[in-house]
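Bear in mind these aren't lab numbers, they're just calculated from the coordinates by the rules spelled out. Everything numeric here is computed off the predicted structure, so don't read it as measured data. For neighbour counting, all protein chains shown are included, and Cβ atoms are generated from backbone atoms with ideal geometry for every residue, glycine included.
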Amino acid sequence: VPNHSVDTAQFYEMGIDLTALIPSVGCFADVIADTRSSQSLTATLFDYTLSDLDTCVQTRTVTQASSTGVVNPGTSVTDTAIVNSLRPNTGPPPGNVTFYWCGPLASASGCSNSTGTALGSPVSLGAYNASASSATSNAISPNAVGYYCFAAYYSPPVTNPPSHFLPSFSVTPTLECFRVVAPTTS
C-alpha cells in the first residue's frame, strides 16, 4: 500500500490486472491464494484456497456435413460448424474455424486435426444466433469409393488483450462422415 501502512489484524482488499502483467494469456481458469505467518518469503504457509476465477468462456463446436449418407463419385459435400458460447450473455464467439477432411477410409471412423488434411484456409465465423457463430467449409468432391469424414477446430481471435473464448474441437465426428459408392449400372 503506497504511503500507507496496514495495522496488524486489519483487512486489506486489492486487485491485480493479470492480463496486463501477462498479455499473451487470454483468461485465467483458476486462482490459488494462501496466507502466511509473516511477510517473510520463508514464513510458514497456513491456508490455501483454490477457486474458479471464471474469466474463460468455454465453447462447444458442433458440426454437420451437408450429406451424411451415400453419394455418387464427384458429388460436392461441405461441412458446417456452429460454435456455441457456454456462458450466458457473452454473445456469439468471434474467430475462425479450420476444417479438416479424411478419406477414403474403410469405415466412418471420424477425422481430427492430427489425422486430417486442412481444407483450405481458416474460415471466419459469422453470427448464427445470440450465443453462437457458424462457418461453412469449402466443398470436397471425392471420386474414389470409400468413407470421407470432416472435422473442425475453433480458434478465437488473436487480440490484445486476448479473447476470453477458449478453442474447441468438433464433438460430433460421426455426423461428419459420408460414403462415396460406385454408381450401379444396369
**Message:** To check my understanding: the extent here is largest minus smallest coordinate of the Cα atoms along each principal axis. What are those three numbers for segment 51-134, in Å, largest first?
**Reply:** 50, 27, 23
**Prompt:** Once phi is turned into θ = phi - 60°, what whole-Hz ³J(HN,Hα) does the Karplus curve with 6.51, -1.76 and 1.60 give for every residue of segment 96-111, x standing for Gly and Pro?
**Reply:** 10, 10, 9, 9, 10, 9, 9, x, x, 10, 6, 8, 7, 8, x, 8
**Message:** At 7 Å along Cα-to-Cβ for each site, give me the label-to-label distance between Ser155 and Val70 in nm.
**Reply:** 3.9 nm
